[in-house]
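Here's the structure we're looking at; comments come further down.
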């Protein structure tokens, strides 16, 4: 019995020793792992510290040689640093170095790399913008800004440059003897031989100046024209005939107006009427006739000026001494008419109700839902759609606002103002037309109209 107990005790002792050994072994293993990690971290930290030290040394040397204008040596150290850490800030530093060095192609390449790698950071766009702006490449500036905007990237510098370029312009090398206002970014033009054509707002030619008469494209894909005074037909925007008219013998078309809403004001044998696209008379015999808009047109007979509907029926409540029209022959394109009953003009709506209480010596029709030019006391200012004067009369002459700008004559020369009345394009032209929606306008320089384009 005693022997059995001793055996049991011995077994317990062995078990205890085994457990103690296992615990000790686990502790030793854990300690070993900790030591190994510590050594690894030491070496890693030490290596990282060495790399950081080396990197900082490269940058220090690069800055030193760049300050000394030894750009080739500076570039060598920048390149070595870039291989270690190709960060955004370092790329920007290298770009600045290329710019100072005069290596503009390398500068552009570096900046393009920055934009490619960091397209949602403003730094690359700012650097490229700085380069183009300093070189006067304003079109490229706007391309950079528009690209950044498309990616919802902006900066104070971008905003500053955009504001500075807002009203700067370039000439587009499009020159003519006479031009109309732009409509739907198209303009009828006249060359030195008195022939008509159509150009787009960027100056490219849609129809060459070969036509004796040509109506502007308004609300149709085709327009009436003639090349020889006897044959009339409708042409599409490529110049192809789509509807040829067989005029009755003895019929002489003397003048055509603006084809709109399926009706063409046409002067035949000394009188105006309205014809269809085959030049077949639909109705009317007037002293004057103008383009339809929203089912109404202005005409004149021996009684005066009044409005008719598209069936030729008089729809005016009154007969007027004069109704203003624009260059395209519209009496209204915005629902506002300028009429004269006595000696002054006033504004009226589609129902012939007077707008506002003011009356004017002269009026220029509103081209859009913006301010229109009005004359009081021999000077031109601007009124809004309610007839309220918003820019006091102060100009020698003026055109109504279009796309936020209005042409004004100051001391014999034309420039442009914004809707606050501030001159934003200095008076320097002999004449000026409205701006198109794309930012183009014809201005008169000497005896020719030339196209200018805003950097937008």
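Considering (1) surrounded by 15 or more Cβ atoms within 10 Å (Cβ to Cβ); (2) under 30 Å from residue 358 (Cα atoms); (3) free of Cβ contacts under 8 Å to residues at least 60 places away in the same chain, the lone condition that residue 444 does not fulfil carries the number (2). For segment 197-231, residues that are under 26 Å from residue 249 (Cβ atoms) and part of a loop (DSSP other than H, G, I, E, B) total 7. Count of segment 333-350 residues, restricted to those that are under 20 Å from residue 314 (Cβ atoms) and modelled with pLDDT under 90, is 3. Restricted to segment 104-196, the set of helices (runs of 4 or more DSSP H) holding at least 2 residues that are touching a residue at least 24 places away in the same chain (Cβ under 8 Å) and loosely packed, with under 15 Cβ neighbours inside 10 Å comprises 104-117.
A quick yes/no check of all residues on (1) closer than 22 Å to residue 340 by Cα; (2) out of contact with any strand residue (DSSP E or B) (no Cβ under 9 Å at 6 or more places or on another chain); (3) surrounded by fewer than 21 Cβ atoms within 10 Å (Cβ to Cβ):
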position	(1), (2), (3)
248	no, yes, yes
284	no, no, yes
289	yes, no, no
300	yes, no, yes
305	yes, no, no
310	no, no, yes
328	yes, no, no
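The residue that is farthest from residue 350 (Cα to Cα), among those in segment 378-402 that are at pLDDT below 95 and surrounded by fewer than 16 Cβ atoms within 10 Å (Cβ to Cβ), is 388.
Evaluate segment 201-216: report whether one residue or more is within 25 Å of residue 335 (Cα to Cα), surrounded by 14 or more Cβ atoms within 10 Å (Cβ to Cβ) and at pLDDT 85 or above. Explain how you work it out, then say what you get.
Quick first cut of segment 201-216, residues within 25 Å of residue 335 (Cα to Cα) only: 215-216.
Remaining after also requiring surrounded by 14 or more Cβ atoms within 10 Å (Cβ to Cβ): 215-216.
Add one more test, that the residue is at pLDDT 85 or above, and what stays is 215-216.
Yes - at least one qualifying residue is present in segment 201-216.
Taking the condition without any contact (Cβ under 8 Å) to a residue 60 or more places away in the chain, more than 25 Å from residue 433 (Cα to Cα), within 31 Å of the chain's Cα centre (by Cα) and not in a loop (DSSP other than H, G, I, E, B), does residue 235 pass? So residue 235 passes the test. Looking across segment 262-282 at every residue that is farther than 27 Å from residue 341 by Cα and surrounded by fewer than 17 Cβ atoms within 10 Å (Cβ to Cβ), the one that is modelled with the highest pLDDT is identified as 282.
Residue-level analysis places residue 395 among those that are in contact with a strand residue (DSSP E or B) (Cβ under 6 Å, 6 or more places away or on another chain) and within 27 Å of residue 332 (Cβ to Cβ).
When the criteria are applied in full, residue 156 fails the requirement of being closer than 30 Å to residue 237 by Cβ and modelled with pLDDT of 95 or more.
Among the conditions (1) at pLDDT below 95; (2) farther than 25 Å from residue 390 by Cβ; (3) in a strand (DSSP E or B), residue 306 misses just one, which is (1). Within segment 403-433, the residues that satisfy the criterion of being over 20 Å from residue 393 (Cβ atoms) and either buried (at least 16 other Cβ atoms within 10 Å of the Cβ) or modelled with pLDDT under 95 (or both) are 403, 404, 425, 429, 431, 433.
Taken over segment 306-357, the criterion of being more than 39 Å from the chain's Cα centre (by Cα) and touching a residue at least 24 places away in the same chain (Cβ under 8 Å) is satisfied by 311, 312, 316, 317, 318.
The values are calculated or read from the model by the stated rules, or taken from the named source; none is laboratory data. Because the structure is predicted, anything quoted here is derived from the model rather than measured. All Cβ positions, glycine included, derive from the backbone under ideal geometry; neighbour counts span all protein chains shown.
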